[in-house]
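J.: Shown below is the structure under consideration.
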Amino acid sequence: MKSTPESTIRRLFAFVGATVIGTLAVLAVLELVSVAAWSFVSRLNPEPLQAETSPAYAGAVWVPDLFREQSLRVPSPYTYVPFRITGVTPWHGKYFNNDEQPTGLSRRTVNPAQGQCQQRPEISVWVFGGSTVYGTGVPDWATLPSYLSRSLNRAGRACVIVTNFGVEGYVTTQELIFLIEQLKRGGKPDIVIFYDGFNDAYNGMAATDPWSAHYGLDTIKARTEGSFRGRFDFVHRLYTVRVVDAACQLFRRRGESLNTDELRAKAVAVVNNYEANQNIAGALAQAYHFRFYGFWQPTLSYGRKPLDSFERQIIEFEASKKSRFDARPVVAAYQEAERRAPNASFVYLADLFDSIPEPIYIDEAHFGPHGNELAADAIAKYIEIHPAGIEFHRSQAP
């Protein structure tokens, strides 16, 4: 029987439809198999350095519940914010609370209760930073700003109200924009604190242009430009792709790192950018009549802290190149920051734990409650000794 054009078209559509449906079915089965394989391998080889197992949490029975709540925030911890790219999302739970304030959404800080100050003058302190200020890995009462409020109110001379302007992933350029936005809206702080350094080092050393680096730069750039990679970057969330990537990692060497001279040049640019942001914040302090303090934070990857066994495992895990975190570029930036520290426009706190033998870190950059308490006490002590704020100097970069 002679086929007609209509029957030929029907057969063609039937073939295409069957091919598409069959392909989707195969991909669905492959994804299910990949999920099962990923889960099986994860159980056979559990991550030995889970943050929640850090001895920095010793005796804290609330840790499992806190990490369960933190994991609920992970799928969508950010919301788009003009110019700053991301900001915190509304969230209320047992351990994490992002409250709506006159200044906008911010992580809850434990401050003196209303009426507790009575006739004491009120001092407003704004703290900006990344996840170490926001308080990743600790409850509201154990964030650096909450401990800072406790330290500054201990003297009893004034009523200090601390606001936590930390946003996970922020670098100082975003913090500076955030500060400008708050001043534009009529905010009147008495003291402004930047506590950072790690994100600037990590993102700046990895970027082509350290002056414009921020978290997620490549992904956001690709999506904004509408590139092929940007349109299909969601595929990297598929377990099939994760399994393929993990298999490739077994046969792939980590990318060639920069040599010593290149690392130093990059580090100089990173710290130049950091100091430029500090100096602009200092100029705003003079114009808007507040005191400004900038602090370069500690990291496990640099310094002379006596390490406990968990902290030592993190360092060894990185050194063995099993970790995706490459400490060498970050160390180069920290070395440059330390070199400038005596005459810098920031206070160098990276050596804060050099004489602390007890466990502090839960990962490369975040502390348990005691670490945040020690950092807050150091900041409070510096503010009390230097009531006029930081003296600004020209960069010591070559």
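J.: I'm told LEU176 meets every condition in (1) farther than 28 Å from HIS370 by Cβ; (2) free of Cβ contacts under 8 Å to residues at least 12 places away in the same chain except one. Can you identify the failing condition by its number?
T.: (2)
J.: Further, regarding this structure: Identify the residue in segment 120-142 that is crowded, with 24+ Cβ neighbours inside 10 Å and touching a Lys or Arg at 6+ places or on another chain (Cβ under 7 Å) and, among all such residues, is farthest from VAL63 (Cα to Cα).
T.: Among those that are crowded, with 24+ Cβ neighbours inside 10 Å and touching a Lys or Arg at 6+ places or on another chain (Cβ under 7 Å), it is TYR134.
J.: For segment 171-187, how many residues are acidic (Asp, Glu) and crowded, with 22+ Cβ neighbours inside 10 Å?
T.: Applying the first criterion (acidic (Asp, Glu)) to segment 171-187 yields 175, 181.
Then drop every residue that is not crowded, with 22+ Cβ neighbours inside 10 Å, which leaves 175.
Residues in segment 171-187 being acidic (Asp, Glu) and crowded, with 22+ Cβ neighbours inside 10 Å: 1 in total.
J.: Taking GLN101 as the residue in question, decide whether it is farther than 28 Å from ILE220 by Cα and out of contact with any His (no Cβ under 7 Å at 6 or more places or on another chain).
T.: Values: farther than 28 Å from ILE220 by Cα: yes; out of contact with any His (no Cβ under 7 Å at 6 or more places or on another chain): yes.
Against the criterion (farther than 28 Å from ILE220 by Cα and out of contact with any His (no Cβ under 7 Å at 6 or more places or on another chain)), GLN101 qualifies.
J.: Got at least one residue in segment 50-73 being at pLDDT below 85 and either in the same structural domain as PRO359 (by TED's automatic domain parsing) or touching a strand residue (DSSP E or B) at 6+ places or on another chain (Cβ under 6 Å) (or both)?
T.: Within segment 50-73, one or more residues are at pLDDT below 85 and either in the same structural domain as PRO359 (by TED's automatic domain parsing) or touching a strand residue (DSSP E or B) at 6+ places or on another chain (Cβ under 6 Å) (or both).
J.: Can you name the condition, by its number, that ILE280 falls short on among (1) crowded, with 20+ Cβ neighbours inside 10 Å; (2) under 23 Å from the mean Cα position of the chain (by Cα); (3) modelled with pLDDT of 95 or more?
T.: In the conditions (1) crowded, with 20+ Cβ neighbours inside 10 Å; (2) under 23 Å from the mean Cα position of the chain (by Cα); (3) modelled with pLDDT of 95 or more, ILE280 misses (1) alone.
J.: Considering only residues that are small (Gly, Ala, Ser) and not in a loop (DSSP other than H, G, I, E, B), look in segment 57-109 and name the one that is farthest from ILE362 (Cα to Cα).
T.: The first filter runs over segment 57-109 and keeps only residues small (Gly, Ala, Ser), leaving 58-60, 71, 76, 87, 93, 104, 106.
Then drop every residue that is not not in a loop (DSSP other than H, G, I, E, B), which leaves 71, 87, 104, 106.
Working: SER71: 16, GLY87: 24, GLY104: 29, SER106: 23 Å.
Only one residue fits best here, namely GLY104.
J.: Sticking with this one: Please go through segment 370-379 and give me each residue that is buried (at least 21 other Cβ atoms within 10 Å of the Cβ) and within 18 Å of VAL162 (Cα to Cα), ordered by number.
T.: To start, the set of residues in segment 370-379 that are buried (at least 21 other Cβ atoms within 10 Å of the Cβ) comprises 371-372, 375-376, 379.
Those that are buried (at least 21 other Cβ atoms within 10 Å of the Cβ) and within 18 Å of VAL162 (Cα to Cα): ASN372, ALA375, ALA376, ILE379.
J.: Just to be sure I understand, how many residues within segment 335-390 are touching a residue at least 60 places away in the same chain (Cβ under 8 Å) and in a strand (DSSP E or B)?
T.: Number satisfying all stated conditions: 2.
J.: Sticking with this one: So, restricting to helices (runs of 4 or more DSSP H) that lie completely within segment 125-235, which ones have at least 2 residues that are in the same structural domain as VAL81 (by TED's automatic domain parsing) and among the β-branched types (Val, Ile, Thr)? Give the steps one after another, and end with the answer.
T.: Working: elements: 131-134, 144-153, 172-184, 198-206, 217-225, 228-231.
Where helices (runs of 4 or more DSSP H) fall fully within segment 125-235 and carry at least 2 residues being in the same structural domain as VAL81 (by TED's automatic domain parsing) and among the β-branched types (Val, Ile, Thr), they are 131-134, 172-184, 217-225.
J.: With respect to VAL192, determine if the residue is at pLDDT 95 or above, in contact with an Asp or Glu (Cβ under 8 Å, 6 or more places away or on another chain), within 30 Å of LYS266 (Cβ to Cβ) and among the β-branched types (Val, Ile, Thr).
T.: Numbers: at pLDDT 95 or above: yes; in contact with an Asp or Glu (Cβ under 8 Å, 6 or more places away or on another chain): no; within 30 Å of LYS266 (Cβ to Cβ): yes; among the β-branched types (Val, Ile, Thr): yes.
Taking the combined requirement at face value, the residue does not satisfy it.
J.: Considering only segment 300-314, I want to know if a residue exists there that is within 25 Å of HIS214 (Cβ to Cβ), at pLDDT below 95 and among the basic types (Lys, Arg).
T.: no
J.: So which residues in segment 143-158 are surrounded by fewer than 24 Cβ atoms within 10 Å (Cβ to Cβ) and small (Gly, Ala, Ser), if there are any at all?
T.: SER151, ALA155, GLY156, ALA158
The values are calculated or read from the model by the stated rules, or taken from the named source; none is laboratory data. Keep in mind the model is a prediction, meaning the values are calculated, not measured. Counting neighbours? That spans all protein chains shown, and the Cβs are built from the backbone with ideal geometry, glycine included.
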